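For reference, the structure discussed in these notes is given below.
The values are calculated or read from the model by the stated rules, or taken from the named source; none is laboratory data. This is a predicted model, so every value here is computed, not measured. Ideal geometry is used to build each Cβ from the backbone, glycine not excepted, and the neighbour counts take in all protein chains shown. Side chains included, ligands, DNA and RNA excluded: accessible areas come from the protein's heavy atoms. Shrake-Rupley method; radii C 1.70, N 1.55, O 1.52, S 1.80 Å.
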Amino acid sequence: MLAMEYRGPQRVRITEKPMPEIKHPEDTIVRVVRSCICGSDLHLYNGNVPDTRVGETFGHEFIGVVEEVGTEVTKVKVGDRVIVPFNIACGKCAFCKQELYGNCHEAAPQATAAGGIFGYSHITGGYAGGQAEYVRVPYSNVGPTVIPEGMDLDDAVMLTDVVPTGYQAAEMGGIQPGDTVVVFGAGPVGIMAAKCAWLFGAGRVIVFDREEYRLEFVRNYAQCEAYNFESIEDPVVFVKRTTDSLGADVCIDCVGAEAAGSAMQTITGRKLLLQAGSATALHWAINSVKKGGIVSIVGVYGPTDNLVPIGNVVNKGITIRANQASVPRLLPRMIEHVQNGVINPKALLTHRIPLEEIADGYRIFADKLDNCIKPVLIPPSAGM
Amino acid sequence: MEDLAKKFEHIKGWGIDADPKNDPTYPMKKRTNAEHAGYTWDRPTQQPIDVEVLHSNERPNITAVFGGTVPPSGLSGKLRRYAFQYGESSYGHWLPLLLADRVNVVEGIIDDLKKGHVPNIFAERGMKASWKHDRSTIMKKAAIGIFAIAAIAAWKLGKKSGERD
Ligand SMILES: NC(=O)c1ccc[n+]([C@@H]2O[C@H](COP(=O)([O-])OP(=O)(O)OC[C@H]3O[C@@H](n4cnc5c(N)ncnc54)[C@H](O)[C@@H]3O)[C@@H](O)[C@H]2O)c1
Ligand SMILES: [Zn+2]
Ligand SMILES: [Zn+2]
């Protein structure tokens, strides 16, 4: 089968790999019909996540058709079209039992801090990912969910990560009616977080990015204010000025380790790898939020340290809430929102790229070329 | 709570201000305190361990499932094995892993060449897309590259002629 393969920082290609096999009674094999490239993949692509091995296949946002099931699988059957959440979660451990599916303790041997994720280095389990024609899907009684009748495949693939992640970003903000919410990042996740902030009753939603086309998109899509931080001298001062000098009630980091905007952070975090990525957006979030406010983090960082103003967290009495999205927990509600027209995920898919052109897909998404918001890969064997 | 109250009977005031609503993890976590029972849950069936899987020294075992597609090998594999002697809070863990990743890239190139495949680095870096959508940046980079080479050459030549004097 064809699969994407990592060869080194900013080097990926398509290659022929053996078909995946059932390794565990709760496994299924899924034939991929849609698979996205995510901002999270860029941390791997840039070589910034430790224990990313040459030959790995990335991809944690995919949907497909069940081709084969293990002996203990009861939730799905051969022929089902399924949404596969990006989390690999057992459903049995103390964390899964409390719906912390992003924090399963039975899916990633290499770490205790991280749960299992498809195609996301060996820190999260070393699983082959979905930027391929076929994937092994462990714990198929927990994650995979049948795509509801009539749902567009392009909507369905966005439910594997972007929609629940943006939603959880807003949810973790503990937004109360009337709150001013600042979202850093107008990538797919930030766009969705801005949209979802209204669902929790936000009174004002402000987004920062530096890509004009993304700012324009989010302004229309999420009906919010959007500003280019490169044309503002100090985004933190800007937030203070526009909120009666008190700051936002809630700040959300939807950028993570690839953040731009501070030369010091970029050099130490992205070039020299002296910290676990550049923490510019998180820095701004902590400093822009009101005293007693909440900072919600879904932006992803590496496993080592980052330079953030922790003293201000203390002095301002900030609550920080963060996690990998718990997709299986949120999926039923997200499906409702899509079916009721509250959220229109497929509007974010700007590029349809054949799986064979994976290297160009990464380049376009990484460098924000051709007004790309979100690329979706179509394997040759998708057939739909 | 009843059981705990009994257990902590000897501590005056134990739990008198406990407030279940005071939970910053809500609604992320449907709190049952299941983890208070420790690592005692009914574990899923163990996937047969038929490849080398490195596991964090902060957990007692290999998780019930794991991915085994790229087991550690070569020099990078040695570095990875070394790294896993250290905990997840230690630089001893992460720095060797980052180093292993870089060594692994060289191993990847050697492996390609051994198989008679010269990696097409331009294609792998998606330069076709850059050329199509971002030509000015490529031209700028190329110009900087040519300028740098010219500058080094001029400097070397200058130095040589200087040495003659
Ligand atoms: N926690 C989770 O479950 C989860 C799931 C998916 C993605 N993520 C993470 O969310 C983040 C965003 O993902 P994405 O797919 O939207 O990525 P993306 O790369 O498309 O978007 C990031 C955006 O941030 C902008 N940006 C850069 N520096 C900034 C700054 N200082 N302030 C404001 N904006 C800045 C970029 O221009 C870009 O538009 C990534 O870190 C990704 O790893 C987390
Ligand atoms: Zn993702
Ligand atoms: Zn679990």
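Quick notes on this structure:
- Interface residues in segment A:10-32 - accessible area drops by 50 Å² or more relative to the isolated chain, probe 1.4 Å: A:ARG11, A:ARG13, A:LYS23, A:HIS24
- Estimated FRET transfer efficiency when R0 is 41 angstrom, pair B:SER90-A:GLU149 (beta carbons, to 0.05): 0.20
- Between A:GLN176 and B:LYS6, the modelled label-to-label distance comes to 4.0 nm, taking each label 7 Å out from Cα in the direction of the beta carbon.
- Ligands, DNA and RNA left out, the 1.4 Å accessible surface of chain B is 62% carbon and sulfur atoms.
- Burial ranking of peptide ranges B:144-151, A:358-365, A:208-215 (average Cβ count within 10 Å, highest at the top): A:358-365, A:208-215, B:144-151
- Spatially, segment A:148-206 and segment A:10-40 are offset by 27 Å when compared through their Cα centroids.
- Placing dummy labels 7 Å off each Cα toward the beta-carbon, the span from A:GLN223 to A:ALA347 is 1.0 nm.
- In order through segment A:36-50: 3J(HN,Hα) via Karplus (6.51 cos²θ - 1.76 cosθ + 1.60), integer Hz, x for Gly, Pro: 9, 9, 10, x, 5, 5, 5, 5, 5, 4, 7, x, 9, 9, x
- Taking a Cβ cut-off of under 14 Å around B:LYS141, the surrounding Lys, Arg, Asp and Glu residues balance to a net charge of +2, with basic ones at +1 and acidic ones at -1.
- Degrees separating the helix B:135-164 axis from the principal Cα axis of chain B, which is the longest one: 60 degrees
- Accessible surface buried once B binds A (1.4 Å probe; total of both sides; Å²): 5400 Å²
- On a per residue basis, the protein assembly as shown carries 43 Å² of accessible surface, using protein heavy atoms and a 1.4 Å probe.
- Cα pair distances of segment A:309-365 binned at 5 Å [whole percent]: 4, 12, 11, 10, 11, 16, 15, 11, 7, 2, 0
- Spacing of the two label points (7 Å from each Cα toward its C-beta) at B:MET139 and B:THR32, in nm: 6.4 nm
- Choice from A:GLU56, A:GLU356, A:GLU230 with maximal GNM fluctuation in chain A (Cα, 10 Å cutoff): A:GLU230
- 3J(HN,Hα) couplings calculated from phi for segment B:5-20 with the Karplus curve 6.51 cos²θ - 1.76 cosθ + 1.60 (θ = phi - 60°) are, in sequence order, 4, 5, 4, 9, 3, 6, 9, 4, x, 4, x, 5, 10, 4, 9, x Hz; Gly and Pro show x.
- Restricting segment A:1-109 to trypsin sites (Lys or Arg not before Pro) that sit in a DSSP loop and have at most 12 other Cβ atoms within 10 Å of their own Cβ leaves A:LYS77.
- Applying both filters, DSSP loop and at most 15 other Cβ atoms within 10 Å, to the chymotrypsin sites (Phe, Trp or Tyr not before Pro) of segment B:7-64 gives B:PHE8, B:TRP14, B:TYR39.
- Among A:ALA257, A:ALA111, A:ALA366, the largest mean-square fluctuation in a Gaussian network model of chain A, built with springs joining Cα atoms closer than 10 Å, belongs to A:ALA111.
- Convex hull volume per residue, computed on the Cα atoms of segment A:71-137, equals 101 Å³.
- Length added when fully stretched, B:ASP17-B:ARG43, from 0.36 nm per residue minus Cα-Cα: 5.8 nm
- Gap separating the Cα centres of segment A:293-309 and segment A:343-384, nearest whole Å: 28 Å
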